[in-house]
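What follows is calculated from the coordinates using simple rules that are stated; it is not laboratory data. Remember, it's a predicted structure, so these values are computed and weren't measured experimentally. Here the Cβ is made from the backbone with ideal geometry for all residues, glycine too, and neighbour counts use every protein chain on show.
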Amino acid sequence: MITLIRNARVLSPEPLGIRDVLIAGDRIAAIENQVELAGNSVEFIDAEGRWLMPGFVDALTHPCGGGGEGGFGNRTRELEAGDFVAGGVTTPVGALGTDAVTRSLEVLYGQVMKLRSRGLSARMFSGSYRVPPNTLTGDVVRDLVLIEPVIGVGELAISDHRSSHPSAEELRRVASDVHLGGTLSGKGGTLLLHLGDGNERLDLVEDILASSDLPRRLFYPTHCNRNPGLLVQAMEHAKKGGFIDFTVSTTPELIAAGEVPALEALRSSIEAGAPRENLTLSSDAGGSLPNYVDGELKGLAEARPSALLDLLREAVSSQDEAPADVIAALTRNPAEALQLARKGRIEPGADADLLLLDPLATQLTDVFCLGRRLMRDGQILTT
Ligand code: ZN
């Protein structure tokens, strides 16, 4: 299958100007001023006036749903491929969450493989909030080596009243296993850390880094915009070479309780000197957005993949041009953090995971994943 996208304004995420982009099979074959091609077997798309950017790499999603934190009544639903396509997410990374009792890694694996069969380039984390991490094969290293979609452990909770309050020794053991499994499998290995509102913040990570030779990039904290104090500490992690993730989905209650809006967190991190290529944005889709007041659960909303596209629109509306740092934080940067070499960029040889948007990102019109068209003229083609 050969597709030629003509006259698109390419954001690779760096702006490349107006280009023709040739898709051959599941990869990007060429990016030229003009590609000359004819024949009935070629699909031509006139993208004049539209933006072409990589599909979003969403480092934290809950395809099996989340919640249950207020009892069974507030479990959130499973996510379907169409939910991700509508939000421009072509690489969702699935994780369990607080509840690894009534949801299992086996169910998550099944859900991730279902998303793949519907055209997405899904991945997953082994483990859950707790230590020792639950696994598919009985061992984190074996999960990474033997189970193809597994790219690390996450989201493992620290500094949170819902965590298992791991000791430095316990967390170091998990990190070492992720590192070894990532090395043996060639996947790199990522330990995605859920950060709560506790006062410990990233202290545990700094303790482990000070007392071991594990690489800093292994530790990938998320929800770093949860409060201003955590944000400042996370910026230091980024300045020293780590990746940090901001959660886009939010509620007015969470903002009122001190959460820093993701766009503000991104911009203030860059202003504070954190390397822009180490900053990422994720949706936490499918996860619950609990509203705790003095430790008591008062309400629950559900995070959606479309939060990422909403944030992009918000960024565009405040500057009226393609916001390169935001697009990079949705595409290339998380791909780098997760060591997905062919994701998150538009270049020859990269996977053909692409989004076409109307100018100023008002409307997502077309989505490709691994060369397969999953949205055409705003119409979702998968379920
Ligand atoms: Zn979390």
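I'd like the distance between the alpha-carbon centres of the range 209-259 and the range 327-383, rounded to an integer number of Å.
Using only Cα atoms to place each centre, the spacing works out to 25 Å.
Restricting to Cα pairs below 8 Å that are 6+ residues apart, what does the relative contact order work out to for the range 104-207? Please round to a whole percent. Each step should come with its number before you reach the end.
Working: 184 pairs, mean separation 26.8, N = 104.
Averaging sequence separation for qualifying contacts and normalising by length gives 26 percent for the range 104-207.
Amide H neighbours of Asn225 under 5 Å, at least 5 residues apart or on other chains, H built in the peptide plane: list them.
Thr247
Please work out the Cα center distance from the range 31-57 to the range 64-89, rounded to the nearest Å.
Going from one Cα centre to the other spans 33 Å.
Nearest 10 degrees is fine. How inclined is helix 307-319 to the longest principal axis of the chain, computing both from alpha carbons?
Rounded to the nearest ten degrees, it is 70.
Hand me the GluC sites (Glu not before Pro) from the range 13-116 located in a DSSP loop with no more than 15 other Cβ atoms within 10 Å, in residue order please.
When the GluC sites (Glu not before Pro) of the range 13-116 are filtered for loop state and at most 15 Cβ neighbours within 10 Å, Glu36, Glu48, Glu78 remain.
Is the shape of the range 226-340 rounded, prolate or oblate, going by the alpha carbon gyration tensor and its root eigenvalues a ≥ b ≥ c, with a/c under 1.5 for rounded and a/b larger than b/c for prolate?
On the way: a/c = 1.69, a/b = 1.37, b/c = 1.23.
Here the range 226-340 falls in the prolate category.
In a GNM of the chain with a 10 Å cut-off on Cα contacts, which of Leu16, Leu79, Leu105 has the highest mean-square fluctuation?
Leu16
Filter the trypsin sites (Lys or Arg not before Pro) in the range 224-312 to those in DSSP coil with at most 14 other Cβ atoms within 10 Å of their Cβ, and list the result.
Hits after loop and neighbour filter: Lys240.
Pull up the DSSP beta bridges for the chain and report the antiparallel fraction as a percent, rounded to 5.
Expressed as a percentage, antiparallel bridges in the chain total about 55.
Go through the range 72-81 residue by residue and turn each phi into a ³J(HN,Hα) via Karplus (6.51, -1.76, 1.60, θ = phi - 60°); whole Hz please, and just put x for glycine and proline.
3J(HN,Hα) across the range 72-81, in whole Hz: 4, x, 10, 5, 9, 7, 5, 9, 9, 4.
Using the count of nearby Cβ atoms within 10 Å as a rough guide to exposure, how do Asp353, Asp366 rank from fewest to most?
Asp366, Asp353
How far is helix 105-117 tilted off the main Cα axis of the chain, in degrees rounded to 10, range 0 to 90?
Tilt relative to the chain: about 10 degrees.
Could you identify which residue out of Leu115, Leu146, Leu279 has the top mean-square fluctuation in a GNM of the chain using Cα springs shorter than 10 Å?
With Cα springs under 10 Å in the chain, the top fluctuation among Leu115, Leu146, Leu279 is at Leu146.
Could you go through the range 298-306 in sequence order and give the Karplus-derived ³J(HN,Hα) for each residue, using 6.51 cos²θ - 1.76 cosθ + 1.60 with θ = phi - 60°, rounded to whole Hz, and x for Gly and Pro?
10, x, 8, 10, 10, 7, 10, x, 5
Within the range 241-348, report the GluC sites (Glu not before Pro) that DSSP leaves as loop and that have at most 15 other Cβ atoms within 10 Å.
Listed in order of number, the matching sites are Glu321.
Tell me, what ³J(HN,Hα) does each residue in the range 12-18 have, in order and in whole Hz, if you take phi through Karplus 6.51 cos²θ - 1.76 cosθ + 1.60 with θ = phi - 60° and put x for Gly and Pro?
Per-residue couplings from phi come out as 8, x, 5, x, 9, x, 7 Hz.
Among bridges DSSP assigns within the range 1-109, what percent are antiparallel (round to 5)?
Counting DSSP beta bridges with both partners in the range 1-109, the antiparallel share is about 55 percent.
Could you pull out every residue, at least 5 positions away or on a different chain, whose amide H is within less than 5 Å of the one on Arg50? Hs are placed 1.01 Å off N in the peptide plane, and Pro or chain starts have none.
Residues meeting the amide H criterion: Arg9.
Can you list the residues, at least 5 places off or on another chain, whose amide H is less than 5 Å from the amide H of Glu155, using H built in the peptide plane?
Leu96
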